[in-house]
Amino acid sequence: MRKILLMLALGAAALGLSTGVLAQDAASAAASAASAVADTVTSAAAPAAEAASAAAAPAAAAPVPNKGDTAFLTVATALVILMTIPGLALFYGGLVRSKNMLSVLMQVFMVFALISVLWVVYGYSLAFTAGNPFFGTLDKMFLSGVTIDSIAATFSKGVYLPEFTFIGFQGTFAAITCALIVGAFAERIKFSAVLLFVVLWFTFAYLPVAHMVWYWDGPDAITDAKSLEAVTANAGFMWAKGALDFAGGTVVHINAAVAGLVGAFLVGKRIGYGKESMAPHSLTLTMVGASLLWVGWYGFNAGSNLEANGIAALAFINTTVATAAAALAWAGAESLMKGKASMLGAASGAVAGLVAITPACGFVGVGGALVIGLISGVVCLWGVNGLKKMLGADDSLDVFGIHGVGGIIGALLTGVFAAPSLGGQGICDYVENKCGAFPGIGAQVWIQAQGVIYTVLISAVVAFIAYKIVDLTIGLRVPEEAEREGLDISSHGETAYHN
């Protein structure tokens, strides 16, 4: 009888196990189950009735992904793809001269395709498996071990997603981050150079920063102070420090902007820059692209909550408020400076607001989002005018002025407006399983500043080395005659428009 009870209990424990990203350690669960069975078997003095009752107790049900959250994140993933292709592609394409329209579309399109492949080959594994504070492992290379039954944790205990859903969502973040960079050196770089650079930078800059900021074992791994220490020790470097980045202020925007700025310096200025007109060829397409970015950004920000709940709703409304405020602030400041508000300015202001609210959207209140939007609209206007002149780089489409400056503003102000005293959500305490804790504005801003500094340093160093490798192997820049002819014809043998 004891052998039968032992076999039944072990079988029930095995059925309770589940694989998945950020889930509880299966070996630990099995050991606990085995220990419980051993106690039952060796307790010979226990009444027969108690033994029968224990044998009849139902096994813990295996975690099941929430269908609503899964549907929510699937739609969010599609929205992020929309904001990249065609959103970002059209936004950038409208800003260049007509002879380079297709080259920018091609770069964004193919970078998205390239990173989507690299993400499942090794990117996901290096970013979202337990390794060290800076890198994961290659244990899930080619998504090894991931099945339709694999689960991924969310930010609530006992709530899960299919791991494939989480993989797909995070893959779009990696792809758009790399695509953002191409705006900094548009109209003069080799197509092959873009692809080689992206492979190097994605591997040694994006993946470690994503791991440092976002990787942890998940809320179910935290039950008491001791388990919290273990989770913290196993987490990414900046997560362990307490850095807040809801949807990618450091991981996406600052990371890409710094790489773009380094590229603008190393690739060099466009021929005729500062002497010839390089006005956008189609502000109509730029406006369409900016609008698609705005719509798609809801998947970017609200989707980063991973669950369809109140925090996702907060991120959604904060995205609207900050973006609208930034567009108004930019247009208003531009009107005061130049006497007229431009469509380009309104679109740029909207993107600045989207960037700045990204790290804060799920942490701050609506009032905080409004302030972040207003500040980012004015400061990013300075970023693409005053700061750009100070730096002296030909950042073609103002990647650093908007994404870099806006990302830094958003990251730092997250530390201010996440404070519950200012309407923010604070930080979740998974030992007590409640949110609202906060170390203080000064302390949190310093933590946020460290995240900014580490991201800038990693991206700049990796980008510099990667550009140099590309330049020494295949060369960075097209010949002068090809640049004058336009990259559409010289690099791709076609044109965007036929008269």
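Remarks
- Order of 81, 489, 254 - criterion: other Cβ atoms within 10 Å of each residue's Cβ, fewest first: 489, 81, 254
- Full-extension gain in nm, residue 422 to residue 313, via 0.36 nm per residue minus C-alpha separation: 37.4 nm
- GluC sites (Glu not before Pro) within the range 214-323: DSSP coil, no more than 11 neighbouring Cβ in 10 Å: 276
- Between the range 397-470 and the range 111-182, the Cα center-to-center distance that results, in Å: 21 Å
- Against the chain, whose longest principal axis is taken from its Cα atoms, helix 67-82 shows a tilt of about 20°.
- Descending by average beta-carbon neighbour count within 10 Å, the peptides 172-182, 354-364 line up as 354-364, 172-182, the highest first.
- Amide H within-cut-off set for residue 428, under 5 Å, with H built and near neighbours excluded: 436
- Zone residues, the range 88-129, relative to residue 497, backbone N less than 13 Å from point 7 Å out along Cα-to-Cβ: 94-102
- Segment residue 295-residue 78, extension gain: residue separation times 0.36 nm, minus the distance between their alpha carbons: 77.0 nm
- Helix 441-473 vs. the chain, principal-axis angle (Cα, 0 to 90°, nearest 10): 60 degrees
- Charge tally for residue 274 (other residues, Cβ to Cβ under 12 Å; Lys, Arg +1; Asp, Glu -1): +3.
- Modelled spin labels at residue 147 and residue 223, positioned 7 Å past Cα toward Cβ, are 2.6 nm from each other.
- If you plug the beta carbon distance of residue 113 and residue 432 into 1/(1 + (r/R0)^6) with R0 = 51 Å, you get a FRET efficiency near 0.70.
- The modelled label-to-label distance between residue 62 and residue 465, using points 7 Å beyond Cα along the C-beta direction, is 4.3 nm.
- Taking each DSSP H run with n ≥ 4 as -39500 (n - 2.57) and averaging over every residue of the chain yields -18500 deg cm²/dmol at 222 nm.
- J(HN,Hα) series, the range 178-191, from Karplus relation 6.51 cos²θ - 1.76 cosθ + 1.60, nearest Hz, glycine and proline x: 5, 5, 4, 4, 5, x, 6, 10, 4, 6, 8, 9, 5, 4
- Stokes-Einstein diffusion of the chain at 20 °C, 1.002 mPa s viscosity, Kirkwood radius from Cα pairs, rounded to a whole number: 90 µm²/s.
- Fewest-first ranking of 297, 239, using other Cβ atoms within 10 Å as the exposure measure: 239, 297
- Taking 7 Å steps out from each Cα toward its Cβ at residue 472 and residue 283 produces label points 4.5 nm apart.
Read-outs: derived from the displayed coordinates by stated rules, not from any lab. Remember, predicted model here, so these are calculated numbers, not experimental data. Glycine gets a Cβ as well: all are built from the backbone with ideal geometry, and neighbour counts include every protein chain shown.
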